[in-house]
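A short write-up of the structure that comes next.
The values are calculated or read from the model by the stated rules, or taken from the named source; none is laboratory data. Just so it is clear, the model here is predicted, and its values are computed rather than measured. Every residue, glycine among them, receives a Cβ derived from its backbone with ideal geometry; neighbour counts consider all protein chains shown. For accessibility, only protein heavy atoms count, side chains too; no ligands or nucleic acids. Shrake-Rupley method; radii C 1.70, N 1.55, O 1.52, S 1.80 Å.
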Amino acid sequence: MKAATHNLFKRILEKVQPPPDMTLAEWADAYQRLPSKTSAEPGQWRTSRVPYMREIMDAISDPRTTRIVVMSAAQVAKTYALILNPIGYYMHYDPCPIIVVQPNVKPMAEAFSKEKLAPMLAETPVLAGKVNDKNRNSGNTIYHKDFPGGYVTIVGANSPAGLRSRSARVLLADEIDGYPPSAGNEGDPLLLASKRLTTFWNKKEVFISTPTIKGVSRIEVEFENSTQEIWHVPCPSCGELQKLEWGQVSFDREDLTEIRYICIKCGVVDSEVAWKELYSNGQFVARFPEREIRGFHLNSLASLLVEWEDIVKKFLQANDEKKKGNIEPLKVWTNTEMGETWEEEGKEMEYEPLYLRREKYNCEIPNEVLYLTAGVDTQDDRFEIEVVGWGVERESWGIKYQIISGDLKLQDVWDRLKAFLQQTFTKADGTKLKIIRTCIDSGGHYANEVYKFCKPLYPNVVPIRGRDGFDVPYIPRPSKNNRLQVYLWTLGVDTGKYLIYQSLAVEYDDEKAVNANYCHFPRDAGTGYNEDYFKGLTAERMIRTYKKGIAQYVWRLKEGGTKRNEPLDCRNYAQAALEISGVVLKKTERAENSGAPVKKRGRGVRGQGV
Ligand SMILES: [Zn+2]
């Protein structure tokens, strides 16, 4: 009786304050419950069911480690072990602000909160009652939950507002390969989220993902920058520690009842059961143990939650599809089962399909166009200019691509540029339109001349300067910090190019009245949209690289392609001109205002989510 009372007292005490120096795995084994509705094995969490997770979880609670990277197969219990367990641990044991990032707000952030987080908060006794969800005045929502000493905020990588909203000490970034390169027009979501942690000396970043395509996979680059720890298990016959590799799996495709694994050292073929019995003796082996960032790799052969028969079956199906010319299932299998990136030729935009889809306007401007903007690229011996028409929901029409040649030291070429920009264009219905805003590149040798040209034409014509990097805001506030004191915009051109390529990839749908973001190009004589234009528009490709040790997306000229990328720059500046003009092109506004969308003050915001 006395002992029972003592134990009860001890348990109550532990509920209030867990013992000191607990690792995350110890905490989860003591307190974490798997919800009855969503778990295959509800009840007490047991790290022994996922032995490879112990070291990863403990790396998260290790105060010496700031960043933990996990590149893995899909079915290894990573969301529970590496997102939910840390949330519970910090809520109960080390309260602090936490941000969870999912690839998008809906459905993923919402589903995570409702289907994973809420059941855990309800069923894990030490967490129950910490978040007041019942009181409407508590400020708690699906996406934000306060608890004593901290909060957990769940955001989508496609939502710049969410990524900006709060700072945190712990960042749990899930499925980072699903993040867009830019959150809206504000740059790399992972960088934006990491910036929220900079004020905390004891910050923690956990990056998790199933990898995607080599060259654009975020998680692979993060992993390459880390200790590169791979899960090893001992051979049942000789005890040699080895990583689990697909090439060592032995099976008869006519009879999958006996799938075996060949030891890399002794060559003995043992059964799945024999190998899996020793998984509890597995350990991670690091390629670069001296590195600060802990990185872990796991494939589904290591998972006790997956039978090898499933992996082999999926492989055989994917392989059959490949023989039929469908490569997608094998890509998916490589990513989700092997936890490895798929190597393919760099993703880029081909010029031919765009060139071939040109259409006859039979007029200067189609009737759907509401506004015209222009972008001017400045070279020493010429201007290259594109005039773009914008319709509802940013459906766009290339109107004219013009080159004005001449020595920029002489006044004549500037006069011709001015005349070109001030001309009037005519719609099919006879309506006249002028260019509402032009952005001129001032980055060349003629910066002062560009400022001088723009000053009397402000605000219709403004100078811009391009800056590389997805961490540069697309349209920041202009500065007047130049000799002539004209407003100068420094554009985040990488984000601009990304938005252009996204729009170029949109396919036309005849069924729709409005094809949001679709780009039309004319075939009509004299418009300037020739083959060279399209080669220039698609001259660059986006690749993943390192910048000061941080993985980032950058734009590079295609190898073997044209170096004349002015059409891409011109489109970028014309698109920026629309942003700077501040007009909003929403569907409903057009219906209500019959072709006159509402003007908005200040900086424009791209209406379409990424
Ligand atoms: Zn062996």
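In summary, K323 fulfils each of the numbered conditions (1) under 19 Å from H232 (Cβ atoms); (2) over 30 Å from the mean Cα position of the chain (by Cα) with the single exception of condition (1).
Here is the figure for region 204-221: residues that are aromatic (F, W, Y) and open to solvent by 10 Å² or more (accessible area, probe 1.4 Å) total 0. Do we have any residue at all in region 50-63 that's open to solvent by less than 10 Å² (accessible area, probe 1.4 Å), modelled with pLDDT of 95 or more and within 22 Å of K145 (Cα to Cα)? Checked region 50-63: at least one residue is open to solvent by less than 10 Å² (accessible area, probe 1.4 Å), modelled with pLDDT of 95 or more and within 22 Å of K145 (Cα to Cα). Selection of first residues in region 216-230 that are more than 18 Å from N299 (Cβ to Cβ) and of second residues that are open to solvent by 10 Å² or more (accessible area, probe 1.4 Å) and of a type in the set (D, E), restricted to Cβ pairs under 8 Å at least 6 apart or on distinct chains, gives the following pairs, ordered by first then second residue: R218/D177.
Return the residue satisfying two criteria in turn: it lies in region 472-503 and is buried (at least 17 other Cβ atoms within 10 Å of the Cβ) and among the aliphatic types (A, V, I, L, M), and of such residues it is farthest from P567 (Cα to Cα). It comes out as V486. Go through region 247-282 and give me each residue that's closer than 20 Å to T47 by Cα and open to solvent by 30 Å² or more (accessible area, probe 1.4 Å). Hits for region 247-282 are V273, K276, E277, L278, S280, N281. If the condition is being assigned to a loop (DSSP other than H, G, I, E, B), within 16 Å of the ligand (Cβ to nearest atom), out of contact with any Ser or Thr (no Cβ under 7 Å at 6 or more places or on another chain) and farther than 30 Å from I68 by Cβ, then region 247-296 contributes K265, G267. Looking across region 397-444, the residues that are in contact (Cβ under 8 Å) with a residue 40 or more places away in the chain, of a type in the set (G, A, S) and not in a strand (DSSP E or B) come down to A428, S442, G443, G444. Looking across region 322-350, just one residue is surrounded by fewer than 15 Cβ atoms within 10 Å (Cβ to Cβ) and modelled with pLDDT of 85 or more, and that is E350. Could you look through region 222-246, keep only residues that are within 15 Å of the ligand (Cβ to nearest atom) and not in a strand (DSSP E or B), and pick out the one that is surrounded by the most Cβ atoms within 10 Å (Cβ to Cβ)? So the residue we want is L244.
All of (1) over 20 Å from I580 (Cα atoms); (2) outside any helix (DSSP H, G or I) hold for F534 with one exception: (2).
Which of the residues belonging to region 473-500 are in a loop (DSSP other than H, G, I, E, B) and not basic (K, R)? Break it down into steps so the answer makes sense when it comes.
Here is the first cut: in region 473-500, the ones in a loop (DSSP other than H, G, I, E, B) are 473-478, 480-487.
Answer for region 473-500, where residues must be in a loop (DSSP other than H, G, I, E, B) and not basic (K, R): P473, Y474, I475, P476, P478, N481, N482, L484, Q485, V486, Y487.
Residues of region 61-80 that are closer than 23 Å to T336 by Cβ and in contact (Cβ under 8 Å) with a residue 60 or more places away in the chain: I68, V69, V70, M71, S72, A73, A74, Q75, V76, A77, K78, T79. All told, W201 falls short of being open to solvent by 10 Å² or more (accessible area, probe 1.4 Å) and outside any loop (DSSP other than H, G, I, E, B).
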